[in-house]
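Colleague: Right, I'll just put the structure down here and ask away after.
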Amino acid sequence: MQALTKTAAVFAASLMCAAMLPSVVNAQSAAGPTDPQIVGIVVAANQIDIDYAKLALSKSKNKQVRDFAQQMVTDHTALQKAVSDLGAKLKVKPADSDTSESLKSQSRETTSQLKALNGEAFDKAYIDNEIAFHKLVISANSSTLIPNAKNADLKSALTNAQTLFQGHLEHAEKVQASLGGSSHTGTAKHSH
């Protein structure tokens with residue numbers, strides 16, 4: 001029962017982050033985030049998912065969870081390098097913003113809660129979090145980051161990344177189904 005309570009707490013924190021991010025992204029300024037802030041948001045989100053995946057690799061014994069986590073490390077590390085290379089090419093340095101700082105703060109809380117879980121409770125909470133996080137990223141990318149990107153190369157990179165994020169979401173949903181569904185009723189159906 002205690003594991004379920006902790007799992008619910010992790011999920012609630014993830015949903016809070018997911019619910020909060022669009023308003024924080026929109027609050028960047030009346031004109032939306034700048035290209036350097038967008039790069040900073042993307043860098044922060046990628047690093048967060050890499051860190052979640054590394055935690056899963058250290059804690060999970062489930063092959064499907066571990067395979068998913070390894071894919072997150074591989075894909076988001078490659079994406080992080082591509083963002084860094086694009087930023088260097090465009091002479092755009094990642095800039096901190098309220099959004100990137102909020103993402104980092106929420107991820108510290110979620111990581112702390114995930115670290116307290118073990119076994120199946122961890123696996124479900126990690127995958128539930130990944131689903132919520134990827135839905136959030138897909139939504140924020142399409143509704144805020146892409147429309148506010150001024151540089152055509154940055155806009156194109158963000159647009160192309162949507163397919164990768166969608167693939168991650170679908171993979172996470174398959175893993176979630178194999179684990180017996182969400183640890184919280186309605187997780188997979190929650191939209192942002």
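Nothing in this text is a laboratory measurement; each read-out follows from the coordinates by a stated rule. What you see is a predicted model; the values in this text were computed from it and never measured. Counting neighbours? That spans all protein chains shown, and the Cβs are built from the backbone with ideal geometry, glycine included.
Colleague: Provide, as a two-decimal number, the C-alpha radius of gyration of the range 118-186 over 2.2 N^0.38 Å, N being how many residues it has.
Modeller: Rounded to two decimals, the normalised Rg is 1.33.
Colleague: Relative to the present Cα-Cα distance, how much length would full extension add between Asn151 and Ala82 at 0.36 nm per residue of separation?
Modeller: Working it through step by step, the gained length comes to 23.3 nm.
Colleague: Step through the table entries Lys93/Lys174; Lys89/Lys124; Lys59/Lys104; Lys81/Lys150; Lys135/Lys155; Lys93/Lys124, compare each Cα-Cα distance with 31 Å, and write down the pairs that go over it.
Modeller: Lys93/Lys174; Lys89/Lys124; Lys93/Lys124
Colleague: Within the range 83-192, list the chymotrypsin sites (Phe, Trp or Tyr not before Pro) lying in a DSSP loop whose Cβ has at most 13 other Cβ atoms in a 10 Å radius.
Modeller: Filter output for the range 83-192: empty list.
Colleague: Be a star and scan the range 119-160 for residues whose amide nitrogen sits under 12 Å from the point 7 Å along the Cα-to-Cβ vector of Lys61.
Modeller: 119-121
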